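Presented below is the structure to which this report refers.
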Amino acid sequence: MSNLTARDSKGKPSPTIEIFGELDPLPRLLMGPGPVDLYPRVLRAMSVAVQGQFDPQFTGYMNQTMALYRHVFRTANEWTFLIDGSARAGIEACLVSLLAPGDRMLVLNFGRFGHLLMEIGRRVGAEVVSIDAEWGTVFEAAEVEAAIKKHNPKVVATCQGDTSTTMLQPLDQIGPICRRHGALLYVDCTASLAGNAFETDDWQIDITSTGLQKCLSGPPGSAPITFNGRAAAAINHRKHVEAGIKTSDMVEGNGPIIGSNYFDLAMLMDYWSPKRLNHHTEAASMLYAARECARVVLEEGLDAGIARHAQATAALRAGLTAMGLELYGDSRYRMANVTGVYIPKEIKDSERVRSQMLEDFGIEIGTSFGPLAGKIWRIGTMGHVARKANVLRCLASLEAVMRRHGYAKTGGAGVEAAYRVYDQA
Ligand SMILES: Cc1ncc(COP(=O)(O)O)c(C=O)c1O
């Protein structure tokens, strides 16, 4: 109960309205599949004053954010901006704007988030077809090409990294294949951007979206996206401007109207362009966060940040292996920022191990779902968290908790193996 008292509409203290205590979250180290701890600078950026989206200083910040994310996505695309909402808002904006009812989409489905792409596609009214990889594996380029030839889709959609399986789909050949067969390629890089190589232009990715809460170390709630002229043409073909804001000089397309107002990328292009077409009220504090995430990442250097992720993950994996644990998934295609590890048979209550990690050491690690429920834990080393001290803390804590659960194969071997990875650097 709060010691503050609420008042009723007559201004009298009300015993029936509870206003709870001030927020006071316990310190945590977030080493699950996301969200992860925020860079302190990002938190600070969120506390500066909110402005309206037509204030010239604020439109300047919007333009800077666009410019920063062109570097993060490694693209020259003019259309690089934010969708206000969590990462799936970015996915929905891309798919609802591209796909009209009846359009065919081919999904490369290798985990839970492939299913999400299919689900969103179906809700949009698209004809969704998929190729499905066993969890823990990804697709060869030839399989993808064969499926495109068979189905002739308008859009091919895939995740780069699927956190549910911890696998990373190689993409460098997929873009050129889509281009050869006249399909647009959409990629969800929510879980992988800035922790794994991602080359929007070199890999010929037409449209892609991400979130802040993984390797960018920001809060969930903003989804940076980028798309090229091919995608923009397909979207503008469906452009219809809201009646109350339409002017006579606006050119509309003759394709079917986009099935969402909030996620209409055709109107959003005009909102983010010098036209500044009125649309939603910009989530200013989230824009400040997104802008600061990109500044932090670019200040370190994208490649240096990717190398830091690779090193932290190598150390974590060396430690887990030295503890006698088995890593999950095809070792050639693992993401460099989240690790799946099999729960050993000696551990009878794997959820209790996780809750003890949280209660006793303040460390969150991830559970899993679908076919992997109860079989693996998922440990993230991403963004601000991908550092030596956190890897060593996590291994030491996990070893201690697992010992309490009867898994006592090694004493300190995990931490020592991780130390050695860092010693070699
Ligand atoms: C690959 C991938 N796509 C999409 C999402 C959905 O993100 P959000 O929960 O921010 O909507 C996630 C979240 O874990 C993810 O890992």
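For the range 183-221, the tally of residues that are buried (at least 24 other Cβ atoms within 10 Å of the Cβ) and part of a loop (DSSP other than H, G, I, E, B) stands at 19.
When the range 161-174 is examined, which residues are found to be within 15 Å of ARG74 (Cα to Cα) and either within 11 Å of the ligand (Cβ to nearest atom) or of a type outside the set (Asp, Glu) (or both)? So that I can check it myself, show each step before the final result.
Let us first name the residues in the range 161-174 that are within 15 Å of ARG74 (Cα to Cα), namely 171-172.
Scanning the range 161-174 gives a single hit, LEU171.
The condition of being touching a Phe, Trp or Tyr at 6+ places or on another chain (Cβ under 7 Å), without any contact (Cβ under 8 Å) to a residue 40 or more places away in the chain and more than 30 Å from ASP303 (Cβ to Cβ) holds for only one of ILE347, ILE343, that being ILE343. Can you tell me which residues in the range 71-130 are within 24 Å of LYS214 (Cα to Cα), more than 16 Å from the ligand (Cβ to nearest atom) and surrounded by fewer than 20 Cβ atoms within 10 Å (Cβ to Cβ)? HIS71, ARG74, ALA76, listed by residue number. Of the residues contained in the range 222-235, one or more are found to be farther than 26 Å from VAL338 by Cβ and either within 16 Å of the ligand (Cβ to nearest atom) or part of a loop (DSSP other than H, G, I, E, B) (or both). Looking at LEU43, LEU30, LEU38, LEU68, just one residue is in a strand (DSSP E or B), under 20 Å from ALA289 (Cα atoms) and modelled with pLDDT of 95 or more, and that residue is LEU30.
Among the residues of the range 222-238, those identified as surrounded by 22 or more Cβ atoms within 10 Å (Cβ to Cβ) and of a type in the set (A, V, I, L, M) are ALA223, ILE225, ALA231, ALA234, ILE235.
If you check ILE148, ILE177, ILE207 for being hydrophobic (A, V, I, L, M, F, W, C), touching a Phe, Trp or Tyr at 6+ places or on another chain (Cβ under 8 Å) and more than 12 Å from the ligand (Cβ to nearest atom), only one passes: ILE207.
I'd like to check something: does the range 131-144 contain any residue that is within 16 Å of the ligand (Cβ to nearest atom), in the same structural domain as GLY255 (by TED's automatic domain parsing), surrounded by 17 or more Cβ atoms within 10 Å (Cβ to Cβ) and aliphatic (A, V, I, L, M)? The answer is yes, given that some residue of the range 131-144 is within 16 Å of the ligand (Cβ to nearest atom), in the same structural domain as GLY255 (by TED's automatic domain parsing), surrounded by 17 or more Cβ atoms within 10 Å (Cβ to Cβ) and aliphatic (A, V, I, L, M).
The values are calculated or read from the model by the stated rules, or taken from the named source; none is laboratory data. Because the structure is a prediction, the values reported are computed rather than measured. Please note: Cβ atoms are built from the backbone with ideal geometry, for glycine as well, and neighbour counts cover all protein chains shown.
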